[in-house]
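Working notes for the structure below.
A short reminder: the numbers here are calculations on the coordinates, not readings from a lab. Please read these numbers as outputs of a predicted model, since none were measured by experiment. Neighbour counts run over all protein chains shown; Cβ positions are idealised from the backbone, glycine included.
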Amino acid sequence: MRTQFIAGNWKMNLTQSSAAELAAGLVSELDGNTDVDVAICPSFGFLAGVAEQLGSSHIALGAQNLYPAEAGAYTGELNAEMLLDLKCEYVILGHSERRHLPDLSESNAFINLKIKSAISVGLKPILCVGELLEEREAERTTEVVEEQLENSLTDITAEQMDIITIAYEPVWAIGTGEVATPDQAEAVHGNIRQWLRTRFSDQIADATRIQYGGSVKPENARELLIQPNIDGALVGGAALSVDSFTGIIENA
Ligand code: PGA
């Protein structure tokens with residue numbers, strides 16, 4: 001009932017030409033595969049070039065961040081309108097690197113403003129949540145994830161949830177090669193769905209897609225993606241090559 005959704009987070013990688021080449025490679029490999037929803041999220045600077053490669057393919061474009069304000073004096077920032085203008089359909093918000101890099105330290109309140117800003121123009125947020133290793137070891141995973149959901153989604157209505165995807169990304173699994181086991185991931189995804197049921201409704205809980213992220217590769221994708229509450233993946237490192245990204249999509 002929920003279509004699997006695989007998104008590639010290219011982070012701060014590639015060059016204008018290698019980004020365009022990767023996008024073109026994905027278009028030619030994935031042409032005709034419409035069983036899975038796919039998005040790629042390059043750096044701001046490569047959005048226009050990648051959009052050109054994607055053309056009318058079914059691969060959607062996403063950005064990795066936005067600044068929640070109308071146009072104005074915000075040096076170095078891009079807002080939701082600009083991302084729409086650059087042909088973005090999605091935006092990753094609340095990524096753990098933005099929450100936890102000391103010079104960024106994004107709060108749930110700031111992420112909430114970004115979510116509201118995105119949905120006000122119809123840009124679809126992928127909201128990332130996830131616990132640190134020490135939080136998992138202290139058995140605080142549920143508490144941390146629920147607090148992130150609660151405060152990132154303050155004032156968001158059930159209707160607005162229609163365009164929001166959630167990505168559960170345990171911080172200890174991101175870029176480390178240490179993937180959560182299918183059981184560990186499924187347990188948290190089940191809790192997130194239960195939280196959505198209580199906070200919104202059965203309908204929203206059943207319709208919202210919850211991606212897993214953290215060291216997803218073609219070799220471990222299937223065992224994660226067959227879990228009942230895992231509806232796709234947010235992929236970092238393995239999204240940077242045509243073979244590994246399409247290998248994950250083939251397992252979805
Ligand atoms: P990874 O990154 O796949 O390289 O672990 C995932 C993410 O940060 O979204």
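Laid out as a table, the results:
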{"quantity": "Test result for Gly232, near the ligand (Cβ under 8 Å from one of its atoms) and within 17 Å of Gly130 (Cβ to Cβ)", "calculated": "no"}
{"quantity": "Strands (runs of 3 or more DSSP E) lying entirely in region 1-63 (those with 1 or more residues that are β-branched (Val, Ile, Thr))", "calculated": "5-9, 37-41"}
{"quantity": "Which listed residue is surrounded by fewer than 17 Cβ atoms within 10 Å (Cβ to Cβ), of a type outside the set (Lys, Arg) and touching a Lys or Arg at 6+ places or on another chain (Cβ under 9 Å), from Ser18, Ser105", "calculated": "Ser105"}
{"quantity": "Given (1) in contact (Cβ under 8 Å) with a residue 40 or more places away in the chain; (2) more than 16 Å from the ligand (Cβ to nearest atom), number of the condition Glu169 does not satisfy", "calculated": "(2)"}
{"quantity": "In region 64-86, the residues that are crowded, with 16+ Cβ neighbours inside 10 Å, in a loop (DSSP other than H, G, I, E, B) and touching a strand residue (DSSP E or B) at 6+ places or on another chain (Cβ under 8 Å)", "calculated": "Gln64, Asn65, Leu66, Leu78"}
